[in-house]
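A.B. asks: Can you keep this structure in mind? I'll have questions shortly.
The values are calculated or read from the model by the stated rules, or taken from the named source; none is laboratory data. The model shown is predicted, which means the values in this text are computed figures rather than measured ones. Don't worry about glycine lacking a Cβ; one is built from the backbone with ideal geometry, like all the others, and counts go over all protein chains shown. Accessible surface is based on the protein model in full, side chains and every heavy atom, while ligands, DNA and RNA are left aside. Shrake-Rupley method; radii C 1.70, N 1.55, O 1.52, S 1.80 Å.
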Amino acid sequence: MSYEMLELFRHMDFNDTETQLALQCAPLLTGLKLSNLFIISLANEENFLEYLDREVHNVDIEAYRLLEHQGKCIYLLYRRAALESFLAKEDVRDFFAKEGYMDFTLDGMLIGFRFRYQKHRLCGGEFPHEMGLLLGYPLEDVVGFVKNEGENFLCSGYWKVYANPTEKLTLFRRFQRAEERLLIMLSKGISIKDVIV
């Protein structure tokens with residue numbers, strides 16, 4: 001991380017919704033990813049929802065609440081058309097089918113995933129590996145993670161990589177640069193709504 005970014009971090013308001021969106025969802029906001037998880041304190045959830053309604057309502061980004069736990073809310077933020085297209089791939093659907101899904105609409109998959117994710121987080125149920133696909137991770141890496149039980153990866157960054165590490169590391173650097181650019185823009189008074197792709 002550059003000295004400029006370290007200085008910027010020292011003066012940031014980490015409770016600010018835009019700052020949190022930039023830190024957690026820059027790849028989504030800049031068009032590099034089709035979805036991201038967004039975690040916010042329960043105390044700030046209403047501000048977040050109002051912000052989305054006010055500032056992001058005309059952009060193809062939706063929020064789906066997955067879980068409230070220990071004073072935090074976890075959302076999946078996603079671009080509907082892009083996520084639907086990704087999930088419609090035959091090999092991706094086959095993965096979901098093997099996990100027991102029968103409704104392959106995006107809404108049906110989100111409902112099924114939310115149930116499995118809550119069961120995992122709240123009751124200690126099995127981890128729902130399809131989360132990686134909902135986050136747009138390549139199927140090869142999700143399958144590699146499952147087969148290797150999270151071990152033997154070639155490299156890691158935004159996820160653990162099991163194939164094409166050079167390509168993925170390049171993508172991870174693009175994600176990091178997007179986050180830095182977004183934070184710099186926010187520090188200069190530019191709103192996220194003005195830079196969302």
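A.B. asks: Looking at this structure, is N36 within 11 Å of the chain's Cα centre (by Cα) and either surrounded by 13 or more Cβ atoms within 10 Å (Cβ to Cβ) or assigned to a helix (DSSP H, G or I) (or both)?
C.D. replies: yes
Listed here are the residues, each with its yes/no results for (1) touching a Gly at 6+ places or on another chain (Cβ under 7 Å); (2) among the charged types (D, E, K, R); (3) buried (at least 16 other Cβ atoms within 10 Å of the Cβ).
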position: R93; (1), (2), (3): no, yes, no
position: H120; (1), (2), (3): no, no, no
position: L134; (1), (2), (3): no, no, yes
position: E140; (1), (2), (3): no, yes, no
position: V143; (1), (2), (3): no, no, yes
position: L154; (1), (2), (3): no, no, no
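A.B. asks: Test A163 against the criterion of being closer than 27 Å to L21 by Cα and in contact (Cβ under 8 Å) with a residue 24 or more places away in the chain, and give yes or no.
C.D. replies: It is false that A163 is closer than 27 Å to L21 by Cα and in contact (Cβ under 8 Å) with a residue 24 or more places away in the chain.
A.B. asks: Continuing with this model, one more query. Suppose the filter is in contact with a Lys or Arg (Cβ under 9 Å, 6 or more places away or on another chain), among the charged types (D, E, K, R), open to solvent by 30 Å² or more (accessible area, probe 1.4 Å) and farther than 18 Å from S35 by Cα; does E99 pass it?
C.D. replies: Against the criterion (in contact with a Lys or Arg (Cβ under 9 Å, 6 or more places away or on another chain), among the charged types (D, E, K, R), open to solvent by 30 Å² or more (accessible area, probe 1.4 Å) and farther than 18 Å from S35 by Cα), E99 qualifies.
A.B. asks: For the range 39-51, which residues satisfy the criterion of being within 20 Å of G189 (Cβ to Cβ) and open to solvent by less than 30 Å² (accessible area, probe 1.4 Å)?
C.D. replies: Y51
A.B. asks: Does the range 156-175 hold any residues that are in a helix (DSSP H, G or I), under 17 Å from the mean Cα position of the chain (by Cα) and either among the hydrophobic types (A, V, I, L, M, F, W, C) or surrounded by fewer than 16 Cβ atoms within 10 Å (Cβ to Cβ) (or both), and which are they?
C.D. replies: Passing the criteria: L171, F172, R173, R174, F175.
A.B. asks: Conditions first: (1) among the aliphatic types (A, V, I, L, M); (2) surrounded by fewer than 20 Cβ atoms within 10 Å (Cβ to Cβ); (3) assigned to a helix (DSSP H, G or I). I190 passes all but one, so which condition is the exception?
C.D. replies: (3)
A.B. asks: Quick one: in the range 53-87, of everything that is in contact (Cβ under 8 Å) with a residue 12 or more places away in the chain and in a loop (DSSP other than H, G, I, E, B), which residue is surrounded by the fewest Cβ atoms within 10 Å (Cβ to Cβ)?
C.D. replies: Among those that are in contact (Cβ under 8 Å) with a residue 12 or more places away in the chain and in a loop (DSSP other than H, G, I, E, B), it is G71.
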